[in-house]
Amino acid sequence: MLLWCPDWPVLAAEIVDGVPATDPVVVLHANRVVACSERARAEGIRRGLRRREAQGRCPHLTVVDHDPGRDARAFEPVVAAVEEVVAGVEVIRPGACATAARGPSRYLGGEEAAAERIVEHVAQSCAVESQVGIADGVFAAGLAAREGRIVAPGGTREFLAARPVEALGRPALADLLRRLGVRTLGDFAALPAGDVLARFGFDGALAHRLAGGRDDRPLAVRQPPADLIVTADYDEPVDRVDAAAFAARTLAELLHERLAAYGLACTRLGIEAVTAHGQELHRVWRHDGLLTAAAIADRVRWQLDGWLSGSNGRGGARPARPTAGIVRLRLVPDGVLAQAGLQPGLWGETGEERERAHRALSRVQGILGPEAVVTAVLGGGRSPADQVRLVPWGDERAPARPGPPPLPPAPPATVPPAPAGSVSGVASSRPVPAGSAAAPASGVTPSRPAAGAAPGAASAPVVVPPGGRAGRRAGRGRAVAEPPWPGRIPPPSPAVVLPAPLPADVRDAAGEPVVVSARLAVSAAPARLTVGDGRPAEITGWAGPWPVDERWWAPAEARRRARFQVCLADGAALLLAVEGGQWLVEAIYD
């Protein structure tokens, strides 16, 4: 069943540009007429005429340029109107669309009744005149639509037999066939298919199939999306957790059966509820695997439990309890994908401990909210606080900053330790460029301060020459990755990163404050550390400074600081930073 709108480029120009279709109007493409109005045809204008010849036949002719985008935009409401009557419509071109005739003819009372219903609905909805043709193929139905005919089943070949070969829409092929004495589609269809392919090629063979009433491909209609949402209405408002759990189980099984019928699975579930007072509640749950019927039921039960047993508003963190019971519950599968099955573990199914932990954390989220349970995601950054991002449980664990952690360094060559009291063995002798890596020079890696070490012993660097033994071994065996964040704190990473740095005071052996100059020169070796209002602690080992000069191009966000690693007499190891003359404790080593 094919619906055809006569002179559609002219109608589209009227709909979009306001050109009156009742006047003599032609649509030109490549200086030739591709469509014309009824009054233009009355003046002797036909398709294929040149512009000057068409204007000679009708001096007051309105000329419109051909615009396929305009034709498609104007035709979309017509297609939508057809889909309101029949399901599954394929757009052939702007101005023509097709659908299977079997379904509409059954539920609309026959093919003729269905055609009349579609034409009437398009006229009422879009104010567009159209015609419908029905045949055994799209090509034949298009020719039948120009006459408003319904070809009987099996009569398509006879219907096409008397048509001229120009109906194929291939001018070059039609001219050649006429010179060969083939003037109708019936004559062309009577030729052997093999000879047609050998003489006219693939396009000629395709036209031969159309002349015989056989389409080149089946109708590919648009399939409406499946309605996967399940809804349950309750006469009595649900205000008890046990009743909500029963409702959740029934609705979850219904949703899982509907998804399974389409071969789909759900990874993100939307739970919507409406109370008797009109209050709307909505929550989206995410799952790293595929939600089974039991998993869907658990999440719905947990969410309803969290809503119905919420606080009365005095707790602050928990949401207020609804003022009435739930009268409508909807489950919306948000993340849907093809059900291909899950890969089992090496020794069987996934461990039950992980599943129990996931269920427990998801239930806590249902009661306290998604932000109540977070996990850490490692990423890039220069300071430990920048390398960790907290994301809600179940969300995508993507790092906020690009760049994976650098590869562990190659085994270093051994060099003698620096003299006691030196600053990193290098920093006190020459300035360190801002934004450098964890050491001031290439191949210098400071070691972690050891508990109880003598001052300066932990700050001795290990230097690996670029062409040394370790470098040659790395070049032969594996690729050495450059650190993605220059100025990054060297390993090992601290065990505890403070959410807010603590103010500290660092003094030397004489009791004077330790100062770091703009050229990274330390005034004296750090000897005592005081954190906040606490008691002073003796520093037995230290390493640094490591400078960071970030976002210098943005004065409001610029940050320049130097960092130190220190070891205290009680065995504690800290990460310190000095910024603007103020010492801060950023992290604690284990």
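The values are calculated or read from the model by the stated rules, or taken from the named source; none is laboratory data. Nothing here was measured: the structure is a model prediction, and the numbers come from that model. When we count neighbours, we look across all protein chains shown, and the Cβ atoms used for this are built from the backbone with ideal geometry, even at glycine. These area figures cover heavy atoms from the full protein model, side chains too; ligands, DNA and RNA do not enter into them. Shrake-Rupley method; radii C 1.70, N 1.55, O 1.52, S 1.80 Å.
Some observations on this one:
- Dipole axis of region 126-241 (+1 Lys, Arg; -1 Asp, Glu on Cβ), positive-most option in I229, C126, A162: A162
- Cα-centred dipole magnitude for region 102-251, charges only on beta-carbon of K, R (+1) and D, E (-1), debye, nearest 20: 1000
- Residue order for D195, D508 - accessible surface, 1.4 angstrom probe, largest first: D195, D508
- Measuring nothing but protein heavy atoms, the accessible surface of region 512-590 at 1.4 Å probe radius is 52 percent carbon and sulfur.
- Gained length - A190 relative to R401, 0.36 nm times residue gap less alpha-carbon distance: 68.9 nm
- Rounded if a/c under 1.5, otherwise prolate or oblate - region 33-121, Cα gyration tensor axes: prolate
- The distance separating the Cα centre of region 5-68 from that of region 573-588 comes to 80 Å.
- Cβ crowding within 10 Å averaged over residues, with 27-33, 169-175 ranked highest first: 27-33, 169-175
- For W553, the accessible area of its heavy atoms, probed at 1.4 Å with every protein chain present, is near 150 square angstrom.
- Rounded, prolate or oblate (a/c below 1.5 giving rounded, otherwise prolate when a/b exceeds b/c) for region 243-302 by Cα gyration tensor: prolate
- Based on C-alpha pairs under 8 angstrom that are at least 6 apart in sequence, region 1-113 has a relative contact order of 27 percent.
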